[in-house]
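Below is one structure, written out as structure tokens, with a few remarks after it.
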Amino acid sequence: MNNFLGKLRTDPSWLVLCILALIFLVVFLLWPLSTVLHYSFLDESGNFSFSGYTRFFSEHQYRESLANTLILGVSVTFFSLLVGSGLALLVSRLEFKMAALVSMLPLITLVVPDVVVAAAWILLLGKQGIITGWLSHIGIMVPSLYSWWGMIFVMTLNSYVYAFVIMLGAFKLMDRSLEEAALGLGRPMPRVLTGITMPLMLPSLLSAMLIVFTHVIGSFGIPAILGARTPVLAVKAYNEFVSEMGGNPLMQTTMAAILIGLGILVLIVQKIWVEKKQVQMESGRTPEKIRLTGLKRLAADTTVISILFISLLPALVVIVTAFTKTIGPVLYYGTFTLKNIKYALLRAPDPLYNSIFLASVATIAGVIFSIVCAYLIVKRRCWLTNLLDLVVMLPLTIAGTVLGIALINTFNAGPLVLTGTWIIMSMAYFLRRTPLSVRAAVGPLHNLKDSVEEASISLGVPSLKTFFKVVLPVMWPSVSSAAVLMWVTSLSELSATIVLYYGGMNTMPIEIFQQVDSGRLAIASAYSVLLLICIFVPLLIAQKVFKLKLS
């Protein structure tokens with residue numbers, strides 16, 4: 001016991017907390033996921049069988065959904081890395097007037113709900129879209145947005161910021177003396193970037209690839225709205241779940257198991273690849289920025305403004321549409337009305353209350369849990385906390401629809417029945433968002449020397465009291481920022497909610513999705529405006545109070 005538990009052996013209270021955290025994750029995460037895997041190997045009679053997998057790989061509709069998922073994931077990941085990494089390189093290495101505006105990108109892109117983005121691009125590039133109409137008047141026909149190009153285009157705009165944030169940090173932390181040495185030996189800058197810079201950036205690039213790919217294959221809102229003719233696994237699993245409610249769960253659990261396997265496989269490949277390609281370097285001077293002038297500066301400014309404009313466009317379009325007169329599905333832009341907002345306000349109190357309530361519960365629980373886990377992972381390191389670190393990050397690879405299906409299959413009968421309650425919904429939000437909060441709390445702890453905590457304990461202050469007096473103040477700024485992000489992203493959660501919600505517990509994303517699905521885009525925009533207000537007001541407050549920064 002003493003050889004394996006390290007520092008935990010001298011702190012029984014932290015050992016208890018570690019065990020309780022693991023038990024919680026086993027019950028509410030690993031057990032549901034294992035239940036899905038178990039059900040996927042049972043036939044209609046409850047006997048062990050590969051019939052689900054046999055049917056999946058023998059029927060065209062299921063094979064097609066798997067192929068579409070992989071194609072979509074690879075395509076969006078490629079374009080997201082191309083755009084995100086290119087923009088990060090531009091901002092980190094060049095000095096021009098508009099570079100500072102790029103700090104707005106994460107704030108804009110990460111928190112605008114997928115369903116709002118999809119609705120906005122329908123308003124712009126749909127059959128009756130604003131841009132579609134303008135172009136048709138001059139004889140240019142836009143291909144249908146409900147297609148491969150539409151999904152890849154919209155999801156790339158919604159995903160590239162993950163690559164941008166990760167690569168920007170990596171570019172800023174690189175020691176510039178390595179590049180200067182190569183330049184001094186006569187290598188041109190393009191060869192320096194490909195031969196020196198990019199190999200050093202490979203671990204960060206692979207991390208960005210993992211995050212974007214798992215985000216895309218688990219996405220529900222955009223594929224469900226734009227990909228009716230292009231089924232993907234997350235949407236197909238949900239459709240099977242709806243059709244099999246109260247019946248045989250074979251195919252929903254089979255597809256859920258395959259999605260789980262895909263996420264875990266990507267995580268394993270990424271971990272192995274990163275370890276092989278890991279490059280260590282001494283900390284040094286950050287790369288010096290090159291000041292741009294003339295046409296080069298104009299080109300850089302134009303690029304940044306264009307990306308910012310496209311990123312802001314979904315929010316701007318839904319705001320305008322929310323106040324536009326409509327008759328049926330026809331929108332009369334240039335007119336003004338409060339009818340849509342009034343309708344949403346009359347109908348929104350319950351969905352809005354539900355969204356705020358569920359997000360608040362998940363955030364409070366998630367922050368407490370994240371603080372404990374982060375401290376155990378960094379300051380009480382042993383095989384037990386290493387296991388905790390691995391398990392707590394697992395939800396990053398699990399699609400929201402899969403997690404919802406897993407929770408329902410596990411807690412709809414037996415000693416602990418949670419299906420049809422708000423608890424299971426807030427639990428899904430908690431599990432989905434906690435990994436990011438844990439990572440935010442881990443960072444400051446690595447910079448806190450053990451000697452500071454040990455000095456407090458040596459003066460007779462108990463371990464737990466030392467934690468609250470010494471450690472927690474160091475963690476709090478990062479944890480506070482993560483809590484705000486956890487809350488606003490929980491407000492916009494759709495993929496898990498679409499599976500778990502029940503009568504009387506509609507949330508704002510569910511209301512928006514249903515309105516878009518029924519073609520009532522003005523009402524959907526009105527709901528979107530209310531949701532965006534609930535998201536951006538706390539973010540702006542957090543920027544002032546907690547100095548929240550995402551880049």
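The values are calculated or read from the model by the stated rules, or taken from the named source; none is laboratory data. Everything quoted here is computed from the prediction, not taken from an experiment. Cβ placement follows ideal geometry from the backbone for every residue including glycine, while neighbour counts extend to all protein chains displayed. Side chains are part of the model used for accessible areas, which takes the heavy atoms of the whole protein and leaves out ligands, DNA and RNA. Shrake-Rupley method; radii C 1.70, N 1.55, O 1.52, S 1.80 Å.
Scan region 463-481 and report the pairs whose first residue is closer than 29 Å to Leu539 by Cβ and in contact (Cβ under 8 Å) with a residue 24 or more places away in the chain and whose second residue is of a type outside the set (A, V, I, L, M, F, W, C) and buried (at least 16 other Cβ atoms within 10 Å of the Cβ), with Cβ atoms within less than 6 Å and a gap of 6+ or a chain change.
Within 6 Å, the pairs are Val474/Pro444; Met475/Pro444; Ser478/Pro444.
How about region 495-511: which of its residues are of a type outside the set (A, V, I, L, M) and either touching a residue at least 12 places away in the same chain (Cβ under 8 Å) or under 17 Å from Ile405 (Cα atoms) (or both)?
Scanning region 495-511 gives Ser495, Thr497, Tyr501, Tyr502, Gly504, Asn506, Thr507, Pro509, Glu511.
Looking at Gly263, Gly284, can you tell me which residue is over 18 Å from Asp517 (Cα atoms) and at pLDDT 70 or above?
The conditions single out Gly263.
So if I check each of Thr326, Thr303, Thr363, Thr335, which one is within 21 Å of Val115 (Cα to Cα) and among the polar types (S, T, N, Q)?
Thr326
Looking only at residues that are open to solvent by 10 Å² or more (accessible area, probe 1.4 Å) and in contact (Cβ under 8 Å) with a residue 60 or more places away in the chain in region 523-537, which one is farthest from the chain's Cα centre (by Cα)?
Step by step, filter region 523-537, then rank; the result is Ile523.
Inside region 404-482, counting only helices (runs of 4 or more DSSP H) that do not spill past its ends, which hold 1 or more residues that are over 22 Å from Ile368 (Cα atoms), at pLDDT below 75 and charged (D, E, K, R)?
In region 404-482, the matching helices (runs of 4 or more DSSP H) lie at 450-458.
Looking only at region 60-102, count every residue that is in contact with a strand residue (DSSP E or B) (Cβ under 7 Å, 6 or more places away or on another chain) and among the hydrophobic types (A, V, I, L, M, F, W, C) and tell me the total.
Summing the residues that are in contact with a strand residue (DSSP E or B) (Cβ under 7 Å, 6 or more places away or on another chain) and among the hydrophobic types (A, V, I, L, M, F, W, C) in region 60-102 gives 1.
Output the qualifying pairs, or none if there are none: Cβ atoms under 8 angstrom, residues six or more apart or on different chains, first residue in region 118-134 and within 13 Å of Val320 (Cβ to Cβ), second residue of a type in the set (Gly, Ala, Ser) and open to solvent by 10 Å² or more (accessible area, probe 1.4 Å).
Listed by first residue and then by second, the contacts come to Ala120/Ala315.
Here is a list of conditions, (1) in contact with a Gly (Cβ under 7 Å, 6 or more places away or on another chain); (2) part of a helix (DSSP H, G or I); (3) under 25 Å from Ala522 (Cα atoms), and Leu145 meets all of them except one; can you say which number that is?
(2)
When you check Val461 against the structure, is it among the hydrophobic types (A, V, I, L, M, F, W, C), open to solvent by less than 40 Å² (accessible area, probe 1.4 Å) and more than 30 Å from Tyr332 (Cβ to Cβ), yes or no?
no
Anything in region 122-176 that is among the polar types (S, T, N, Q) and within 30 Å of Met201 (Cα to Cα)? List them, or say none.
Listed by number, the residues that qualify are Thr156, Asn158, Ser159.
Looking at (1) open to solvent by 70 Å² or more (accessible area, probe 1.4 Å); (2) closer than 30 Å to Trp14 by Cα; (3) in contact (Cβ under 8 Å) with a residue 40 or more places away in the chain, which is the only condition Asp350 fails?
(2)
Here are Val320, Val304, Val330: which of them is closer than 30 Å to Ser80 by Cβ and more than 24 Å from the chain's Cα centre (by Cα)?
Unique residue meeting the criteria: Val320.
Select from region 38-59 the residues that are in contact with a strand residue (DSSP E or B) (Cβ under 9 Å, 6 or more places away or on another chain) and either within 24 Å of Pro223 (Cβ to Cβ) or without any contact (Cβ under 8 Å) to a residue 40 or more places away in the chain (or both) and write down the one among them that is surrounded by the most Cβ atoms within 10 Å (Cβ to Cβ).
Result: Gly52.
Would you be able to tell me the number of residues in region 213-227 that are part of a loop (DSSP other than H, G, I, E, B) and more than 21 Å from Gly84 (Cβ to Cβ)?
2
Quick one: count up the residues across region 496-515 that are open to solvent by less than 10 Å² (accessible area, probe 1.4 Å) and outside any helix (DSSP H, G or I).
Total satisfying the criteria: 2.
Would you pick out the residues in region 60-106 that are over 22 Å from Ile211 (Cα atoms), at pLDDT 85 or above and open to solvent by 30 Å² or more (accessible area, probe 1.4 Å)?
Residues satisfying the conditions are His60, Gln61, Arg63, Glu64.
Residues checked against (1) at pLDDT 70 or above; (2) more than 27 Å from Ile319 (Cα to Cα); (3) outside any helix (DSSP H, G or I); (4) of a type in the set (Gly, Ala, Ser):
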residue	(1), (2), (3), (4)
Gly139	yes, yes, yes, yes
Gly150	yes, no, no, yes
Gly169	yes, yes, no, yes
Ala182	no, yes, no, yes
Thr194	no, yes, no, no
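Considering only region 330-339, state which residues are part of a loop (DSSP other than H, G, I, E, B) and open to solvent by less than 100 Å² (accessible area, probe 1.4 Å).
Within region 330-339, Gly334, Thr337, Leu338 meet the criteria.
Looking only at region 60-69, count every residue that is in contact (Cβ under 8 Å) with a residue 60 or more places away in the chain and within 17 Å of Ala256 (Cβ to Cβ) and tell me the total.
6
Take the residues in region 372-383 that are in a helix (DSSP H, G or I) and open to solvent by less than 20 Å² (accessible area, probe 1.4 Å), then tell me which one is farthest from Leu22 (Cα to Cα).
Lys379
Conditions tested, residue by residue: (1) within 30 Å of Thr109 (Cβ to Cβ); (2) among the aromatic types (Phe, Trp, Tyr); (3) in a helix (DSSP H, G or I).
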{"residue": "Trp14", "(1), (2), (3)": "no, yes, yes"}
{"residue": "Leu17", "(1), (2), (3)": "no, no, yes"}
{"residue": "Leu37", "(1), (2), (3)": "no, no, yes"}
{"residue": "Phe56", "(1), (2), (3)": "no, yes, yes"}
{"residue": "Arg63", "(1), (2), (3)": "no, no, yes"}
{"residue": "Ala67", "(1), (2), (3)": "yes, no, yes"}
{"residue": "Thr77", "(1), (2), (3)": "yes, no, yes"}
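What do you reckon, is Ser360 in contact with a Pro (Cβ under 8 Å, 6 or more places away or on another chain) and either assigned to a helix (DSSP H, G or I) or open to solvent by less than 10 Å² (accessible area, probe 1.4 Å) (or both)?
no
Please name all residue pairs, on different chains or six or more residues apart, with Cβ atoms under 6 Å, provided the first residue is in region 252-269 and is more than 21 Å from Met393 (Cβ to Cβ) and the second residue is of a type in the set (Gly, Ala, Ser).
Gln252/Ala237; Thr253/Ser40; Thr254/Ser40; Thr254/Gly52; Met255/Ala237
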